[in-house]
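Reading through the structure tokens given below for one structure.
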There are 4 protein chains.
Amino acid sequence: MAKYAFHDDYSEGAHPNIIDALTRTNFTQQSGYGEDEFSNSARKAIRTLIGADEAGVFFTPGGTGANLLSIACYLRSHQSIIAAESAHIVGKEAAAVEATGHKVLTAPAVDGKLTPENIQSVFDENLLFAYQTKIKMVFVSNTTEIGTVYTKSELAAVAAVCKKLGLLLLLDGARLGSALTSPKNDMTLKDIYDLTDIFWIGGTKNGALLGEAVVIKDPSLGADFPHHMKQRGALLAKGRVIGIQFATLFQNDLFFRLARDANSMAAELSSCLRKMGFRLWANTESNQVFPILSQQLVDVLQNDFEFFIWDCLQDGSLVVRLVTSWATEPSQVKKFCSVVEDWVKYHGN
Amino acid sequence: MAKYAFHDDYSEGAHPNIIDALTRTNFTQQSGYGEDEFSNSARKAIRTLIGADEAGVFFTPGGTGANLLSIACYLRSHQSIIAAESAHIVGKEAAAVEATGHKVLTAPAVDGKLTPENIQSVFDENLLFAYQTKIKMVFVSNTTEIGTVYTKSELAAVAAVCKKLGLLLLLDGARLGSALTSPKNDMTLKDIYDLTDIFWIGGTKNGALLGEAVVIKDPSLGADFPHHMKQRGALLAKGRVIGIQFATLFQNDLFFRLARDANSMAAELSSCLRKMGFRLWANTESNQVFPILSQQLVDVLQNDFEFFIWDCLQDGSLVVRLVTSWATEPSQVKKFCSVVEDWVKYHGN
Amino acid sequence: MAKYAFHDDYSEGAHPNIIDALTRTNFTQQSGYGEDEFSNSARKAIRTLIGADEAGVFFTPGGTGANLLSIACYLRSHQSIIAAESAHIVGKEAAAVEATGHKVLTAPAVDGKLTPENIQSVFDENLLFAYQTKIKMVFVSNTTEIGTVYTKSELAAVAAVCKKLGLLLLLDGARLGSALTSPKNDMTLKDIYDLTDIFWIGGTKNGALLGEAVVIKDPSLGADFPHHMKQRGALLAKGRVIGIQFATLFQNDLFFRLARDANSMAAELSSCLRKMGFRLWANTESNQVFPILSQQLVDVLQNDFEFFIWDCLQDGSLVVRLVTSWATEPSQVKKFCSVVEDWVKYHGN
Amino acid sequence: MAKYAFHDDYSEGAHPNIIDALTRTNFTQQSGYGEDEFSNSARKAIRTLIGADEAGVFFTPGGTGANLLSIACYLRSHQSIIAAESAHIVGKEAAAVEATGHKVLTAPAVDGKLTPENIQSVFDENLLFAYQTKIKMVFVSNTTEIGTVYTKSELAAVAAVCKKLGLLLLLDGARLGSALTSPKNDMTLKDIYDLTDIFWIGGTKNGALLGEAVVIKDPSLGADFPHHMKQRGALLAKGRVIGIQFATLFQNDLFFRLARDANSMAAELSSCLRKMGFRLWANTESNQVFPILSQQLVDVLQNDFEFFIWDCLQDGSLVVRLVTSWATEPSQVKKFCSVVEDWVKYHGN
């Protein structure tokens, strides 16, 4: 790609520490299927952070798999889940949840987040008639699909309504690093563990070549989880490949440092755009920036940059999504800002 | 692991060329979900080898996923498949095929291989009663689960009976490199493509960190295959990770050279064991050796080596599985043989 | 039930002609699984009405089964359907479609009906991102879930957009008798067949003890449909039980006469309520009436009648659903009207 | 059918008492979906027989549905079941269990019955490798598919091994009436309930037009079972239709009287055939007789009778299946015997 991409947080390979670790450990013989010493060491690091020695920790290749496994391992065949309308599993994962036989009910999101009221409301609506569907789980993402971040009190309120209604709580943490290092954040990884029944920590979007770490509270479900993984094709023979990456990420806080870097690049993009008078379609709380730009400015920017056109507003202006990552080059952020600045000088925003 | 493992062909990481390629390309920005230039270059290399520009080529993280996807993308909900009793999908993939809703019927294997007669026979038995199941696909592995290799005439005969009965033919090539470089082999990758409807080329067991390449003849199915992959959690955001590995494997015949090396290590093990009078439970045609050893000898060997006890025979002797790979150290093969030799000297076989 | 029920159109048993036919044919020996002469005779009657000798006609015990079978027999595992938000399969069939692995996307309904614009719009929205879901079928009900009826031009427009987009069209005819005898209707059963790919004719709600007749255009799918039925537990050993009922219903137009009777009872209820100044929540076009009544009037009516409270409006008034059938007693309709009339006299509406 | 059929136990309609009951109750209004007073009365009768007021009792249209529901309601997505090779669900229900996502492992049957040894053995074989499948349930049929009957000690031994291994026990009672009235039987319906986790009582093959009664011990599963039924299309709107039939069957022991009649007709057939020197392929313990006859005799019998050719033995003789029912005419049994007798007189057996 000749142009520089703010398209996503998976445009590059892995953080050099990970490449080094893969290289360094390459010829060591290891047990297969996630029972290697690197996976065990990554497990230990995660368990220390969440303060739970008994938690199940498992490594899947990708996020869609992490989600479908987290749902399918818990639910009985007639049970359904609630997710925000804007949730990734609703419209952008090729109906993966439904392919495991479960319905996904949607609730309106507020700033990309589920609220206790909206959960309660969908729950109640599904009790009006005799044979609707039995809801058993709630799905949230942190950061959300629009880059917003749950506060502890927000997530605790969701957890409380789940508990009241007998629902399990699943948290999709594809960008959990970004969430936990957001200026908006007031939670630790331990809080996430304490407030949910199952969650996963995204590696792919935070410095790994691939891999997500699923954390399960219930020990009996955890015992069978590798079987679920194998059954869905998500258990790598060389489980070491993901294990060594998470072991590296959780060494010396690399995971959090990378996420913080990504967030600060986004903050810089967001700040310069706001300074120049552009509105944002969503608050910049993590590594995604959603400025509202004119078609003309977008055309100019597309000469040098790749990014996603997220939506087209009624007045013809465009919502653009800019994503930063641990690998984002500060010089490209500056260049982006200066292209915008030049354009604004002559055309206004 | 202090002991040296002949346990499997996925005990080490990747061939150094692959680690180099990952390192070298790490910071290049690439499109996600398998549309990167490395995946495209790997596709081109495979299409050249099979002489089919229009073939669909897709990269999945692992073999169980490759199998369940190959089956689920083709079959309608009421259709079933036939596989050998000894097939991996029958007993060692956590009922992954059934989890997609399809029954796996079994036929007896001859030397680990399906025969036209056995396929015909299972097909016929399922027409005796009115509501048995509609068979639509046949599953073979090459090499087979016991390391044997299909000849061209054997595979052609299977393909012919499939065509006659209106069945699709799927070939699991987890160890296809090993098969195509076996002394027993008389096929090319193009033959495999010509004789099957869908097959996959194993990377995990032949030098890659992870990854299998699924090759689909039918262009309309191929067009939807990425959707199937996404739906089953098998589409990596950083598809480049598998792409660059297959691009590397199919550069300068690396794929075949690695497999040939694995086979020759197995041949050496097999040859020394036979020379010392040990019987084999299956012919050594690829990278798996199945000697029949006494419990005492096994005990001695286990001081220095890891390997799988495959079966226990009625006379108390054990079938042991020794697997070699591109990474097998010749010195360890020699050491294994000399431990056996020493033992035989004092105890006989 | 001491009170008289306008609760549903399945509160009574079967039309006496059906009970007679069951009694009369009870001891004749017949082949099982739908290959009896009664089923064949019912098939013949339906094929004559639709003018298609080659159509597949199959009898399922109930409507949810008819829907899930019609969808699962056609779709590949990654394909989805569009239905109106108010469609029965969306919220009132226990997620039966999702349990077969397929997602149900919803479009807003206009008078309970899907429009070409809304279908197109959902289709388009699912092409915006790379891995949403592949839509392959559209689901409509006639009558709709709120008792409205498709005109020929409305259904033809839906069929046309389906054809343009490569989508199949499924029509749920749980109340198709009611639809085709509605004053609003301008279609024949043949029109329904011509405009759809698959549809079903409801027996349960129009005089049968149980049973729906699924009609399939595509002969190759039809050939396998009994296998799908058996697989989903929908193929009765004594298929004769449904066969004789449909044979009876399509003798001397009984099916249409019963539906017309149901409609005229609803028209009478609707007319008397409107005369007394009550608003309707939906037009009365078939056998369902949705008056908007005060809580007090509802309390009074519930002393003598059973009916469903469909919704509660913001002003506190209630939407009530009154359903009539072939079995509705005219005297009870009169009584209902007179209770309302008495109430209005003293309280106004 | 001009010929008289011993083809199956579902060739006729229903016992006259049932037709009478349907006729008599036809115009009573009843609640839908199994909450009618007839279903409740049938529930009460069954609960009295099994001595368990808290047991869940549910009515499904057919046996395949009863089986798939009993399995799918209990198992998590990665769990499998064991059944006898000869079990109906293995080869004659169109892979209905697999369509719900669960593997069916087979064990050899002894006289059509599972033994503790064979269950243990399949269980053990599935622990040899790491990712086989998690077995969670055992499936038995009583009578078995070849008409044999479990004794109490046999079923208790199966139940004991299930308990030991943490497996649930499901009993398919399509012909449970026949089993419990067999001369071989020493169990009551209460014993069946006590020894299993879930079982069902066949109505279709014992005097009903359709319907099976599923009995569930676990109250929490029972609470959700109607949802499972609705989801699989097995919940009839007019649940009364099955309810009244079971209420009738369990009035004055009709259920057992009908089964006893069927058995005694089979005993007569069996006895006359054995007297004339014919061998049986399976013991006649219930309402199925499996004589071994020559092709010539079969040809002669087929002039007057319909029956199923079950198998062809190596010496060319045929295994024929004769099924009797509550509706079998004694005169036809006599006629069958006399045709055989005439033939034997001239040709020997």
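Nothing in this text is a laboratory measurement; each read-out follows from the coordinates by a stated rule. Note that the coordinates shown come from a computational prediction; the quantities given were computed from them, not determined experimentally. Using ideal geometry, Cβ is built from the backbone for each residue, glycine included, and neighbour counts are taken over all protein chains shown.
So here's what we get for this one:
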| read-out | value |
| --- | --- |
| Diffusion constant of the range D:89-133 at 4 °C, which comes from Stokes-Einstein with the Kirkwood Cα-pair radius and 1.567 mPa s, µm²/s | 108 µm²/s |
| Three-way shape call for the range B:165-229 based on the alpha-carbon gyration tensor, with the a/c threshold at 1.5 | oblate |
| Ranked list, fewest to most other Cβ atoms within 10 Å of each Cβ, for D:331, C:325 | D:331, C:325 |
| Least to most buried among A:20, B:197, C:194 (fewest other Cβ within 10 Å first) | A:20, C:194, B:197 |
| Reach of residue A:92 by Cα under 19 Å, taken over aspartates and glutamates that are not fewer than 8 positions away in the same chain | A:8, A:9, A:111, A:145, A:172, A:212, A:311, B:35, B:224, C:98, C:124, C:125 |
| Reciprocal of mean inverse Cα separation for the range A:240-349 (Kirkwood radius, Å) | 15.0 Å |
| Candidates B:147, B:166, B:222, ranked by Gaussian network fluctuation over chain B, Cα under 10 Å, top entry | B:166 |
| Closest approach to the axis - chain B beta-carbon, rotation onto D, Å | B:98, 2 |
| Local net charge near residue C:126, Cβ-Cβ under 13 Å (Lys/Arg +1, Asp/Glu -1) | +1 |
| Local electrostatic count at residue D:78 - Lys and Arg +1, Asp and Glu -1, tallied over other residues with Cβ under 12 Å | +3 |
| Using θ = phi - 60° and Karplus 6.51 cos²θ - 1.76 cosθ + 1.60, couplings along the range D:203-218 (whole Hz; Gly, Pro as x) | x, 3, 8, 9, x, 8, 5, 6, x, 9, 10, 8, 10, 10, 7, 6 |
| Charge context of residue B:308, other residues only, Cβ under 11 angstrom, K/R +1, D/E -1 | -2 |
| Shape parameters for the protein assembly as shown, alpha-carbon atoms, Rg then Dmax in Å | 33.6, 114 |
| Residue among B:288, B:296, B:79 with the largest mean-square fluctuation in a Gaussian network model of chain B, springs linking Cα atoms under 10 Å | B:296 |
| Rel. contact order, % - alpha carbon contacts under 8 angstrom, at least six apart, chain A | 24 percent |
| Selected from C:175, C:47, C:232 as most flexible by GNM, with chain C as the system and alpha-carbon contacts under 10 Å | C:232 |
| Listed residue pairs exceeding 29 Å between alpha carbons, taken from A:3/A:345; B:136/B:238; A:217/B:3; A:134/B:238; A:163/D:44 | B:136/B:238; A:217/B:3; A:134/B:238; A:163/D:44 |
| 10 Å Cβ neighbours from other chains, averaged over peptide D:7-17 | 6 |
| Helix runs (DSSP H) in chain C reaching 30 Å along axis by Cα, Kyte-Doolittle at least 0.0 | C:254-275 |
| Per principal axis, descending, Cα span of chain B in whole Å | 64, 60, 33 |
| Pairwise FRET efficiency - residue A:110 versus residue D:253, Cβ, R0 = 56 Å, nearest 0.05 | 0.35 |
| Long-range HN-HN contacts of residue C:135 with modeled amide H, under 5 Å | C:80 |
| 5 angstrom amide H check on residue D:306, placed H, neighbours 5+ away | D:4, D:5, D:6 |
| Karplus (6.51, -1.76, 1.60) ³J(HN,Hα), θ = phi - 60°, over the range C:319-329, in Hz, Gly and Pro reported as x | 8, 10, 10, 10, 10, 10, 8, 3, 9, 4, 8 |
| Cysteines in the protein assembly as shown that, by Cβ-Cβ distance, have no pairing candidate under 4.7 Å | A:73, A:162, A:312, B:73, B:162, B:312, C:73, C:162, C:312, D:73, D:162, D:312 |
| For the range C:160-201, convex hull volume per residue from C-alpha positions, Å³ | 67 Å³ |
| Euclidean distance of C-alpha centroids, the range D:248-299 and the range C:33-65, integer Å | 34 Å |
| Computed label-point distance, nm, for sites residue D:280 and residue A:334 using a 7 Å Cα→Cβ extension | 9.5 nm |
| Sequence of D:229, B:276 once ranked by neighbouring C-beta atoms within 10 Å, starting from the fewest | B:276, D:229 |
| Where Rh is the Kirkwood radius over Cα pairs, Rg/Rh for the range C:30-152 | 1.03 |
| For residue A:304, label point 7 Å along C-beta direction: distances to other copies, nm | 6.5, 8.1, 10.0 |
| Separation of alpha-carbon centers, the range D:183-227 and the range A:167-206, rounded to whole Å | 46 Å |
| Under 5 Å, built H, 5+ apart or other chain: amide partners of residue A:201 | A:213, A:214, A:215 |
| Number of partner chain Cβ atoms within 10 Å, mean per residue of B:238-247 | 3 |
| Per-residue mean of C-beta atoms belonging to partner chains within 10 Å, peptide D:179-187 | 0 |
